[in-house]
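The next block holds one structure in the form of C-alpha coordinates; read it before the comments.
The values are calculated or read from the model by the stated rules, or taken from the named source; none is laboratory data. What you see is a predicted model; the values in this text were computed from it and never measured. Backbone-built Cβ (ideal geometry, glycine too); neighbour counts: all protein chains shown.
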Amino acid sequence: MAVESPGACVKKMLLCVAGRRATVPAMNEQTHERNGPLSRFTVLDLTRVRSGPTAVRQFADWGANVIKIEAPESLDASKGMGGLRDGPDYQNIHRNKRGMTLNMKDPDGVAVFKRLVSQADVVVENFRPGVIERLGIDYESLKAVNPAIVLTSISGFGQDGPYAKRPGFDQIAQGMGGLMSITGLPGQGPVRAGIPIADLTAGLYAALGTMVALLEREQSGVGQWVQTSLLAAQISMLDFQAARWLMKGEVAGQAGNNHPTSIPTGVFKTTDGHINIAATGDAIWVRLCNVLDMPEIADRDGFSTGPERSENRDAVNAEIEARTSLETSAGLIEKLNDAGIPCGPIYSIDQMFDDPQVKHIGMEHPVDHPDLGAFNVVGQAVRMNRSQPRTGVPTPERGQHTQEVLAEFGFTAEEITDLRKRDVL
(Lines give C-alpha, C1' and ligand atoms only; values in the text may rest on other atoms or scores of the structure.)
Protein backbone atom coordinates (compact mmCIF):
# COMPACT_ATOMS: atom_id res chain seq x y z
CA MET A 1 0.00 0.00 0.00
CA ALA A 2 1.47 3.35 -1.05
CA VAL A 3 2.16 5.91 1.66
CA GLU A 4 1.44 9.54 0.84
CA SER A 5 4.13 12.13 1.45
CA PRO A 6 3.56 14.76 4.16
CA GLY A 7 3.28 17.40 1.42
CA ALA A 8 0.54 15.45 -0.34
CA CYS A 9 -1.36 15.07 2.92
CA VAL A 10 -1.14 18.80 3.57
CA LYS A 11 -2.32 19.56 0.04
CA LYS A 12 -5.35 17.34 0.56
CA MET A 13 -6.08 19.27 3.74
CA LEU A 14 -5.80 22.51 1.77
CA LEU A 15 -8.36 21.27 -0.72
CA CYS A 16 -10.73 20.60 2.17
CA VAL A 17 -10.12 24.10 3.56
CA ALA A 18 -10.65 25.55 0.09
CA GLY A 19 -13.89 23.62 -0.14
CA ARG A 20 -15.12 25.07 3.14
CA ARG A 21 -14.04 28.54 2.01
CA ALA A 22 -15.99 28.13 -1.22
CA THR A 23 -19.20 27.92 0.81
CA VAL A 24 -18.69 31.48 2.06
CA PRO A 25 -21.04 33.61 -0.05
CA ALA A 26 -19.95 36.64 -2.00
CA MET A 27 -20.41 40.12 -0.58
CA ASN A 28 -23.99 41.27 -0.49
CA GLU A 29 -25.27 44.19 -2.53
CA GLN A 30 -24.83 46.61 0.37
CA THR A 31 -21.04 46.29 0.20
CA HIS A 32 -20.73 45.57 -3.55
CA GLU A 33 -19.84 42.33 -5.25
CA ARG A 34 -16.48 40.89 -4.32
CA ASN A 35 -14.38 40.11 -7.37
CA GLY A 36 -10.91 40.70 -8.74
CA PRO A 37 -7.67 38.71 -9.05
CA LEU A 38 -7.37 38.16 -5.27
CA SER A 39 -11.04 37.37 -4.59
CA ARG A 40 -10.21 33.76 -3.65
CA PHE A 41 -8.24 34.92 -0.58
CA THR A 42 -9.65 35.78 2.83
CA VAL A 43 -7.55 38.20 4.90
CA LEU A 44 -8.13 38.81 8.62
CA ASP A 45 -6.97 42.33 9.40
CA LEU A 46 -5.82 43.04 12.96
CA THR A 47 -3.78 46.08 11.95
CA ARG A 48 -3.78 49.63 13.27
CA VAL A 49 -2.29 53.04 12.42
CA ARG A 50 -0.57 52.94 8.98
CA SER A 51 2.01 50.28 8.13
CA GLY A 52 -0.32 47.31 8.61
CA PRO A 53 -3.33 48.90 6.91
CA THR A 54 -1.08 49.86 3.97
CA ALA A 55 -0.22 46.16 3.52
CA VAL A 56 -3.83 45.04 3.80
CA ARG A 57 -5.03 47.72 1.38
CA GLN A 58 -3.13 46.01 -1.43
CA PHE A 59 -5.30 42.92 -0.90
CA ALA A 60 -8.52 44.84 -0.39
CA ASP A 61 -8.14 46.90 -3.56
CA TRP A 62 -7.53 43.79 -5.65
CA GLY A 63 -10.64 42.01 -4.48
CA ALA A 64 -9.65 39.91 -1.47
CA ASN A 65 -12.25 39.22 1.21
CA VAL A 66 -10.72 41.49 3.86
CA ILE A 67 -12.28 41.48 7.31
CA LYS A 68 -11.16 44.31 9.58
CA ILE A 69 -11.31 43.15 13.19
CA GLU A 70 -11.53 45.82 15.91
CA ALA A 71 -12.13 45.78 19.64
CA PRO A 72 -15.68 46.68 20.73
CA GLU A 73 -16.04 50.40 21.38
CA SER A 74 -16.61 49.68 25.08
CA LEU A 75 -13.02 48.40 25.25
CA ASP A 76 -11.38 50.83 22.83
CA ALA A 77 -12.97 54.22 22.23
CA SER A 78 -10.36 55.36 19.69
CA LYS A 79 -11.87 56.91 16.57
CA GLY A 80 -9.12 56.21 14.07
CA MET A 81 -6.00 58.10 13.08
CA GLY A 82 -6.05 61.62 14.44
CA GLY A 83 -9.32 60.81 16.19
CA LEU A 84 -11.21 61.21 12.90
CA ARG A 85 -12.76 58.00 11.65
CA ASP A 86 -14.53 59.95 8.91
CA GLY A 87 -11.39 61.89 7.97
CA PRO A 88 -9.41 61.55 4.71
CA ASP A 89 -6.58 59.53 6.27
CA TYR A 90 -8.75 56.79 7.77
CA GLN A 91 -11.13 56.63 4.81
CA ASN A 92 -8.22 56.36 2.39
CA ILE A 93 -6.40 53.54 4.11
CA HIS A 94 -9.27 51.24 5.13
CA ARG A 95 -11.49 51.21 2.03
CA ASN A 96 -12.72 47.97 0.43
CA LYS A 97 -13.01 46.05 3.70
CA ARG A 98 -15.78 44.74 5.89
CA GLY A 99 -15.64 45.40 9.62
CA MET A 100 -16.45 43.35 12.71
CA THR A 101 -15.75 43.68 16.42
CA LEU A 102 -14.12 41.04 18.61
CA ASN A 103 -12.69 41.13 22.11
CA MET A 104 -9.31 39.45 21.58
CA LYS A 105 -8.51 39.74 25.31
CA ASP A 106 -11.33 37.33 26.10
CA PRO A 107 -10.51 33.61 25.64
CA ASP A 108 -13.86 33.20 23.90
CA GLY A 109 -12.91 36.01 21.53
CA VAL A 110 -9.69 34.21 20.69
CA ALA A 111 -11.70 31.02 20.11
CA VAL A 112 -13.93 32.92 17.68
CA PHE A 113 -10.87 34.30 15.93
CA LYS A 114 -9.40 30.83 15.51
CA ARG A 115 -12.62 29.64 13.92
CA LEU A 116 -12.17 32.41 11.38
CA VAL A 117 -8.52 31.45 10.91
CA SER A 118 -9.52 27.89 10.08
CA GLN A 119 -11.12 29.17 6.86
CA ALA A 120 -8.83 32.14 6.15
CA ASP A 121 -5.65 32.51 4.10
CA VAL A 122 -3.86 35.45 5.72
CA VAL A 123 -3.70 37.19 9.09
CA VAL A 124 -1.96 40.58 9.21
CA GLU A 125 -0.95 42.26 12.48
CA ASN A 126 1.34 45.07 13.60
CA PHE A 127 1.22 44.73 17.36
CA ARG A 128 4.39 45.17 19.38
CA PRO A 129 6.39 41.91 19.45
CA GLY A 130 5.18 39.59 22.18
CA VAL A 131 1.52 40.62 22.00
CA ILE A 132 0.40 37.83 19.66
CA GLU A 133 2.09 35.26 21.91
CA ARG A 134 0.34 36.73 24.94
CA LEU A 135 -3.01 36.59 23.15
CA GLY A 136 -2.40 33.04 21.96
CA ILE A 137 -2.52 33.92 18.26
CA ASP A 138 1.17 33.51 17.43
CA TYR A 139 2.18 31.63 14.30
CA GLU A 140 2.51 28.21 15.94
CA SER A 141 -0.93 28.56 17.53
CA LEU A 142 -2.54 29.62 14.24
CA LYS A 143 -0.66 26.94 12.30
CA ALA A 144 -2.14 24.32 14.62
CA VAL A 145 -5.60 25.49 13.56
CA ASN A 146 -4.78 25.91 9.85
CA PRO A 147 -1.37 24.79 8.50
CA ALA A 148 -2.06 26.81 5.35
CA ILE A 149 -2.34 30.14 7.16
CA VAL A 150 0.08 32.96 6.31
CA LEU A 151 0.72 35.23 9.30
CA THR A 152 2.20 38.61 8.39
CA SER A 153 3.74 40.69 11.19
CA ILE A 154 5.04 44.26 10.99
CA SER A 155 6.99 45.71 13.90
CA GLY A 156 9.14 48.72 14.60
CA PHE A 157 12.50 46.95 14.76
CA GLY A 158 11.94 43.21 14.24
CA GLN A 159 10.40 40.34 16.15
CA ASP A 160 13.60 39.69 18.11
CA GLY A 161 16.91 41.34 18.90
CA PRO A 162 17.95 44.07 21.36
CA TYR A 163 15.35 46.61 20.18
CA ALA A 164 12.43 44.23 19.56
CA LYS A 165 10.34 45.46 22.50
CA ARG A 166 10.73 49.15 21.68
CA PRO A 167 7.66 50.98 20.38
CA GLY A 168 8.01 51.77 16.68
CA PHE A 169 7.14 55.05 14.97
CA ASP A 170 7.78 56.22 11.42
CA GLN A 171 10.00 59.19 12.22
CA ILE A 172 12.10 57.12 14.62
CA ALA A 173 12.73 54.63 11.81
CA GLN A 174 13.54 57.45 9.38
CA GLY A 175 16.23 58.64 11.78
CA MET A 176 17.66 55.25 12.71
CA GLY A 177 17.40 54.04 9.12
CA GLY A 178 19.67 56.79 7.84
CA LEU A 179 17.13 58.70 5.75
CA MET A 180 17.10 61.90 7.81
CA SER A 181 20.88 62.22 7.55
CA ILE A 182 20.69 62.51 3.74
CA THR A 183 17.48 64.54 3.48
CA GLY A 184 17.54 68.35 3.40
CA LEU A 185 20.00 71.04 2.42
CA PRO A 186 23.72 70.62 3.17
CA GLY A 187 24.42 71.72 6.73
CA GLN A 188 20.73 72.08 7.56
CA GLY A 189 20.65 69.28 10.08
CA PRO A 190 18.49 66.14 9.88
CA VAL A 191 15.17 66.45 8.03
CA ARG A 192 12.29 63.98 7.91
CA ALA A 193 10.67 63.08 4.62
CA GLY A 194 7.31 64.71 3.93
CA ILE A 195 5.46 61.39 4.07
CA PRO A 196 5.65 58.50 6.58
CA ILE A 197 7.89 56.59 4.22
CA ALA A 198 9.03 53.93 6.72
CA ASP A 199 5.41 53.07 7.53
CA LEU A 200 4.37 53.00 3.89
CA THR A 201 7.28 50.96 2.60
CA ALA A 202 7.04 48.49 5.49
CA GLY A 203 3.42 47.96 4.46
CA LEU A 204 4.35 47.45 0.83
CA TYR A 205 7.17 45.03 1.68
CA ALA A 206 4.77 43.13 3.95
CA ALA A 207 2.25 42.83 1.12
CA LEU A 208 4.98 41.65 -1.25
CA GLY A 209 6.22 39.08 1.27
CA THR A 210 2.67 37.85 1.82
CA MET A 211 2.14 37.42 -1.91
CA VAL A 212 5.39 35.43 -2.13
CA ALA A 213 4.26 33.20 0.74
CA LEU A 214 0.91 32.58 -0.96
CA LEU A 215 2.66 31.67 -4.21
CA GLU A 216 5.03 29.32 -2.39
CA ARG A 217 2.07 27.75 -0.60
CA GLU A 218 0.77 26.57 -3.96
CA GLN A 219 3.81 24.27 -4.12
CA SER A 220 4.36 23.32 -0.48
CA GLY A 221 0.79 23.35 0.77
CA VAL A 222 1.72 25.17 3.97
CA GLY A 223 1.78 28.76 5.10
CA GLN A 224 4.60 30.83 6.62
CA TRP A 225 5.28 33.59 9.09
CA VAL A 226 6.15 36.71 7.07
CA GLN A 227 7.95 39.46 8.99
CA THR A 228 9.20 42.94 8.25
CA SER A 229 9.81 46.11 10.27
CA LEU A 230 9.86 49.86 9.83
CA LEU A 231 13.63 49.82 10.36
CA ALA A 232 14.31 47.07 7.81
CA ALA A 233 12.04 48.71 5.23
CA GLN A 234 13.67 52.11 5.69
CA ILE A 235 17.18 50.69 5.33
CA SER A 236 16.15 48.77 2.22
CA MET A 237 14.73 51.97 0.72
CA LEU A 238 18.12 53.69 1.07
CA ASP A 239 19.06 51.54 -1.93
CA PHE A 240 22.18 52.90 -3.68
CA GLN A 241 22.99 55.26 -0.82
CA ALA A 242 23.34 52.29 1.52
CA ALA A 243 25.18 50.29 -1.15
CA ARG A 244 27.76 53.10 -1.44
CA TRP A 245 28.73 52.49 2.18
CA LEU A 246 28.59 48.71 2.02
CA MET A 247 30.71 48.45 -1.12
CA LYS A 248 33.00 51.48 -1.02
CA GLY A 249 32.81 52.89 2.50
CA GLU A 250 31.25 56.16 1.27
CA VAL A 251 28.98 57.90 3.79
CA ALA A 252 26.38 59.96 1.94
CA GLY A 253 25.52 63.40 3.26
CA GLN A 254 22.82 65.93 2.55
CA ALA A 255 22.68 66.96 -1.09
CA GLY A 256 19.54 69.08 -0.94
CA ASN A 257 17.81 69.21 -4.31
CA ASN A 258 20.90 68.00 -6.12
CA HIS A 259 21.27 64.37 -7.07
CA PRO A 260 23.94 62.81 -4.82
CA THR A 261 26.07 61.52 -7.70
CA SER A 262 24.71 62.74 -11.06
CA ILE A 263 25.06 66.45 -11.87
CA PRO A 264 23.30 68.48 -13.14
CA THR A 265 20.15 67.07 -11.58
CA GLY A 266 18.28 69.47 -9.38
CA VAL A 267 15.93 72.42 -8.94
CA PHE A 268 16.43 75.54 -11.04
CA LYS A 269 14.77 78.94 -10.89
CA THR A 270 12.62 80.30 -13.70
CA THR A 271 10.87 83.65 -14.12
CA ASP A 272 7.75 82.30 -12.41
CA GLY A 273 8.98 79.60 -10.05
CA HIS A 274 11.20 76.51 -10.19
CA ILE A 275 11.50 73.35 -12.27
CA ASN A 276 13.40 70.08 -12.03
CA ILE A 277 16.05 69.20 -14.61
CA ALA A 278 17.88 65.87 -14.78
CA ALA A 279 20.68 66.13 -17.32
CA THR A 280 22.65 63.04 -16.37
CA GLY A 281 25.18 61.56 -18.76
CA ASP A 282 27.44 63.32 -21.25
CA ALA A 283 25.02 63.19 -24.20
CA ILE A 284 22.15 64.83 -22.30
CA TRP A 285 24.57 67.35 -20.77
CA VAL A 286 25.58 68.50 -24.26
CA ARG A 287 21.92 68.70 -25.32
CA LEU A 288 21.11 70.83 -22.28
CA CYS A 289 23.93 73.24 -23.04
CA ASN A 290 22.68 73.59 -26.60
CA VAL A 291 19.03 74.16 -25.62
CA LEU A 292 20.13 76.83 -23.13
CA ASP A 293 22.26 78.51 -25.84
CA MET A 294 25.54 78.00 -24.04
CA PRO A 295 27.29 75.23 -26.00
CA GLU A 296 30.65 76.66 -25.03
CA ILE A 297 30.46 75.35 -21.47
CA ALA A 298 29.87 71.73 -22.47
CA ASP A 299 33.60 71.08 -22.87
CA ARG A 300 34.85 73.60 -20.31
CA ASP A 301 37.54 72.36 -17.95
CA GLY A 302 35.83 70.98 -14.86
CA PHE A 303 32.50 70.56 -16.70
CA SER A 304 33.18 68.07 -19.47
CA THR A 305 32.82 64.78 -17.57
CA GLY A 306 30.33 63.48 -15.04
CA PRO A 307 32.83 63.24 -12.16
CA GLU A 308 34.04 66.79 -12.88
CA ARG A 309 30.50 68.15 -12.92
CA SER A 310 29.77 66.43 -9.60
CA GLU A 311 32.93 67.90 -8.08
CA ASN A 312 32.07 71.37 -9.38
CA ARG A 313 28.33 71.13 -8.91
CA ASP A 314 27.87 74.66 -7.52
CA ALA A 315 29.58 76.25 -10.52
CA VAL A 316 27.70 74.03 -12.98
CA ASN A 317 24.34 74.80 -11.36
CA ALA A 318 25.06 78.52 -11.27
CA GLU A 319 25.74 78.57 -15.02
CA ILE A 320 22.51 76.69 -15.74
CA GLU A 321 20.37 78.81 -13.42
CA ALA A 322 21.68 82.02 -14.98
CA ARG A 323 19.88 80.90 -18.16
CA THR A 324 16.82 79.14 -16.75
CA SER A 325 15.94 82.20 -14.64
CA LEU A 326 15.29 84.09 -17.87
CA GLU A 327 12.49 81.77 -19.05
CA THR A 328 9.06 80.73 -17.86
CA SER A 329 8.62 77.29 -16.36
CA ALA A 330 6.15 76.11 -19.00
CA GLY A 331 8.19 77.45 -21.92
CA LEU A 332 11.42 75.93 -20.70
CA ILE A 333 9.82 72.57 -19.90
CA GLU A 334 8.47 72.42 -23.45
CA LYS A 335 11.90 73.17 -24.94
CA LEU A 336 13.69 70.63 -22.78
CA ASN A 337 11.16 67.88 -23.40
CA ASP A 338 11.34 68.49 -27.14
CA ALA A 339 15.10 67.95 -26.86
CA GLY A 340 14.68 64.73 -24.85
CA ILE A 341 16.01 66.21 -21.62
CA PRO A 342 14.20 64.93 -18.48
CA CYS A 343 12.49 67.80 -16.68
CA GLY A 344 9.23 68.71 -15.05
CA PRO A 345 7.27 71.18 -12.97
CA ILE A 346 7.27 71.20 -9.16
CA TYR A 347 3.64 70.99 -8.17
CA SER A 348 1.68 71.59 -5.03
CA ILE A 349 -0.65 68.66 -4.38
CA ASP A 350 -3.70 70.41 -5.87
CA GLN A 351 -1.73 71.28 -9.00
CA MET A 352 -0.50 67.70 -9.26
CA PHE A 353 -4.03 66.26 -9.32
CA ASP A 354 -4.97 68.82 -11.98
CA ASP A 355 -2.21 67.70 -14.34
CA PRO A 356 -3.57 66.03 -17.52
CA GLN A 357 -1.22 63.04 -17.25
CA VAL A 358 -2.21 62.46 -13.62
CA LYS A 359 -5.85 62.58 -14.68
CA HIS A 360 -5.10 60.15 -17.50
CA ILE A 361 -3.46 57.51 -15.28
CA GLY A 362 -6.37 57.68 -12.85
CA MET A 363 -4.87 58.34 -9.44
CA GLU A 364 -8.24 59.13 -7.86
CA HIS A 365 -10.08 56.19 -6.28
CA PRO A 366 -13.85 56.78 -6.08
CA VAL A 367 -15.76 55.90 -2.90
CA ASP A 368 -19.49 56.02 -2.24
CA HIS A 369 -20.04 56.47 1.50
CA PRO A 370 -23.58 56.21 2.95
CA ASP A 371 -23.07 59.25 5.20
CA LEU A 372 -20.20 61.22 3.64
CA GLY A 373 -21.44 60.85 0.06
CA ALA A 374 -19.26 60.40 -3.01
CA PHE A 375 -15.59 61.37 -2.78
CA ASN A 376 -12.15 60.29 -3.97
CA VAL A 377 -9.21 58.84 -2.11
CA VAL A 378 -5.78 57.93 -3.51
CA GLY A 379 -5.76 55.43 -6.37
CA GLN A 380 -3.68 52.32 -6.95
CA ALA A 381 -0.29 52.78 -8.63
CA VAL A 382 -0.54 49.37 -10.37
CA ARG A 383 -2.50 48.85 -13.58
CA MET A 384 -3.31 45.57 -15.31
CA ASN A 385 -4.78 44.97 -18.73
CA ARG A 386 -7.48 42.51 -17.56
CA SER A 387 -8.03 43.32 -13.87
CA GLN A 388 -9.13 46.52 -12.23
CA PRO A 389 -8.92 47.61 -8.58
CA ARG A 390 -12.21 47.40 -6.73
CA THR A 391 -13.67 50.86 -6.15
CA GLY A 392 -16.72 52.35 -4.49
CA VAL A 393 -16.56 50.43 -1.20
CA PRO A 394 -16.12 52.78 1.78
CA THR A 395 -14.28 52.18 5.04
CA PRO A 396 -16.65 50.20 7.29
CA GLU A 397 -18.07 51.51 10.52
CA ARG A 398 -16.87 49.72 13.63
CA GLY A 399 -18.56 46.32 13.73
CA GLN A 400 -20.74 47.08 10.71
CA HIS A 401 -20.55 43.56 9.31
CA THR A 402 -20.09 41.47 12.47
CA GLN A 403 -23.35 39.56 12.07
CA GLU A 404 -22.85 39.04 8.35
CA VAL A 405 -19.25 37.83 8.62
CA LEU A 406 -19.83 35.42 11.48
CA ALA A 407 -22.83 33.92 9.71
CA GLU A 408 -20.69 33.33 6.63
CA PHE A 409 -18.14 31.49 8.78
CA GLY A 410 -20.79 29.15 10.16
CA PHE A 411 -21.83 30.82 13.42
CA THR A 412 -25.49 30.37 14.24
CA ALA A 413 -27.78 33.23 15.19
CA GLU A 414 -27.93 31.82 18.72
CA GLU A 415 -24.14 31.75 19.01
CA ILE A 416 -23.84 35.33 17.80
CA THR A 417 -26.52 36.53 20.24
CA ASP A 418 -24.76 34.77 23.09
CA LEU A 419 -21.39 36.28 22.15
CA ARG A 420 -22.95 39.75 22.09
CA LYS A 421 -24.54 39.25 25.51
CA ARG A 422 -21.14 38.33 26.96
CA ASP A 423 -19.39 41.33 25.34
CA VAL A 424 -17.19 39.06 23.22
CA LEU A 425 -18.35 41.02 20.15
Exercise. What are the residues in the range 381-410 that are of a type in the set (D, E, K, R) and in contact with a Phe, Trp or Tyr (Cβ under 8 Å, 6 or more places away or on another chain), if any?
Worked result: 390
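Is it true that residue 215 is in the same structural domain as residue 89 (by TED's automatic domain parsing), surrounded by 19 or more Cβ atoms within 10 Å (Cβ to Cβ) and more than 14 Å from the chain's Cα centre (by Cα)? Give the derivation first.
Values: in the same structural domain as residue 89 (by TED's automatic domain parsing): yes; surrounded by 19 or more Cβ atoms within 10 Å (Cβ to Cβ): no; more than 14 Å from the chain's Cα centre (by Cα): yes.
Answer is no for this residue.
Just checking, how many residues over the range 226-250 are touching a Phe, Trp or Tyr at 6+ places or on another chain (Cβ under 6 Å) and either of a type in the set (Val, Ile, Thr) or surrounded by fewer than 19 Cβ atoms within 10 Å (Cβ to Cβ) (or both)? If you could, list the steps in order and put the result at the bottom.
Taking the range 226-250 as the starting set, the residues that turn out to be touching a Phe, Trp or Tyr at 6+ places or on another chain (Cβ under 6 Å) are 228-229, 231, 233.
Those left that are additionally either of a type in the set (Val, Ile, Thr) or surrounded by fewer than 19 Cβ atoms within 10 Å (Cβ to Cβ) (or both): 228.
Residues that pass the stated criteria total 1.
What number of residues in the range 158-195 are within 30 Å of residue 314 (Cβ to Cβ) and not charged (D, E, K, R)?
First pass over the range 158-195, keeping only residues within 30 Å of residue 314 (Cβ to Cβ): 174-175, 177-195.
From what's left, not charged (D, E, K, R): 174-175, 177-191, 193-195.
Total satisfying the criteria: 20.
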Problem set entry | Wholly enclosed strands (runs of 3 or more DSSP E) of the range 234-350 bearing at least 3 residues among the hydrophobic types (A, V, I, L, M, F, W, C) | 273-278
Exercise. Is there any pair linking a residue in the range 134-145 that is at negative phi to one that is modelled with pLDDT of 95 or more and small (Gly, Ala, Ser), with Cβ under 8 Å and at least six apart or on different chains, and which?
Worked result: 143/223; 145/118
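How many residues does the range 399-425 contain that are charged (D, E, K, R) and either within 14 Å of residue 96 (Cβ to Cβ) or crowded, with 19+ Cβ neighbours inside 10 Å (or both)?
Of all residues in the range 399-425, those charged (D, E, K, R) come to 404, 408, 414-415, 418, 420-423.
With either within 14 Å of residue 96 (Cβ to Cβ) or crowded, with 19+ Cβ neighbours inside 10 Å (or both) added as a condition, the list becomes 408.
Residues flagged as charged (D, E, K, R) and either within 14 Å of residue 96 (Cβ to Cβ) or crowded, with 19+ Cβ neighbours inside 10 Å (or both) within the range 399-425 amount to 1.
Do you know which of the residues in the range 296-323 that are of a type in the set (Ser, Thr, Tyr) and either within 40 Å of the chain's Cα centre (by Cα) or not assigned by TED's automatic domain parsing to the domain that holds residue 273 (or both) is farthest from residue 275 (Cα to Cα)? Walk me through it before giving the result.
Of the residues in the range 296-323, the ones of a type in the set (Ser, Thr, Tyr) are 304-305, 310.
If we keep only those that are either within 40 Å of the chain's Cα centre (by Cα) or not assigned by TED's automatic domain parsing to the domain that holds residue 273 (or both) too, we end up with 305, 310.
Numbers: 305: 24, 310: 20 Å.
By that ranking, first place goes to 305.
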For this session: Give 152, 201, 210 a once-over and let me know the one that is under 25 Å from the mean Cα position of the chain (by Cα) and within 21 Å of residue 71 (Cα to Cα).
Result: 152
Exercise. Would a scan of the range 275-288 turn up a residue that is more than 20 Å from residue 180 (Cβ to Cβ) and among the hydroxyl-bearing types (Ser, Thr, Tyr)?
Worked result: yes
Problem set entry | Residue in the range 353-368 that is within 21 Å of residue 185 (Cα to Cα), within 38 Å of the chain's Cα centre (by Cα) and among the small types (Gly, Ala, Ser) present | no
For this session: Output the qualifying pairs, or none if there are none: Cβ atoms under 8 angstrom, residues six or more apart or on different chains, first residue in the range 400-415 and acidic (Asp, Glu), second residue surrounded by 14 or more Cβ atoms within 10 Å (Cβ to Cβ) and assigned to a helix (DSSP H, G or I).
Result: 415/406
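Only residues that are acidic (Asp, Glu), without any contact (Cβ under 8 Å) to a residue 24 or more places away in the chain and in a loop (DSSP other than H, G, I, E, B): list them for the range 49-90, please. Give the derivation first.
As a first pass, look at the range 49-90 and keep what is acidic (Asp, Glu): 61, 70, 73, 76, 86, 89.
Narrowing further to those that are without any contact (Cβ under 8 Å) to a residue 24 or more places away in the chain: 76, 89.
Listed by number, the list holds a single entry, 76.
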Exercise. What pairs can you find where one residue is in the range 294-308 and among the small types (Gly, Ala, Ser), the other is surrounded by fewer than 14 Cβ atoms within 10 Å (Cβ to Cβ) and part of a loop (DSSP other than H, G, I, E, B), and their Cβ atoms are less than 9 Å apart, with a gap of 6+ or different chains?
Worked result: 306/281
Problem set entry | Residues (assigned to a helix (DSSP H, G or I) and loosely packed, with under 14 Cβ neighbours inside 10 Å) located in the range 351-397 | 351, 352, 354, 356, 357, 359, 360, 361
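Give me the residue from the range 91-141 that is of a type in the set (D, E, K, R) and part of a strand (DSSP E or B) and, out of that set, surrounded by the fewest Cβ atoms within 10 Å (Cβ to Cβ).
Applying the filter and picking the extreme gives 125.
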Exercise. Across the range 73-97, what is the number of residues that are in contact with a Lys or Arg (Cβ under 7 Å, 6 or more places away or on another chain) and modelled with pLDDT of 95 or more?
Worked result: 4
Problem set entry | Given (1) more than 30 Å from residue 44 (Cα to Cα); (2) hydrophobic (A, V, I, L, M, F, W, C); (3) surrounded by fewer than 19 Cβ atoms within 10 Å (Cβ to Cβ), index of the condition residue 263 fails | (3)
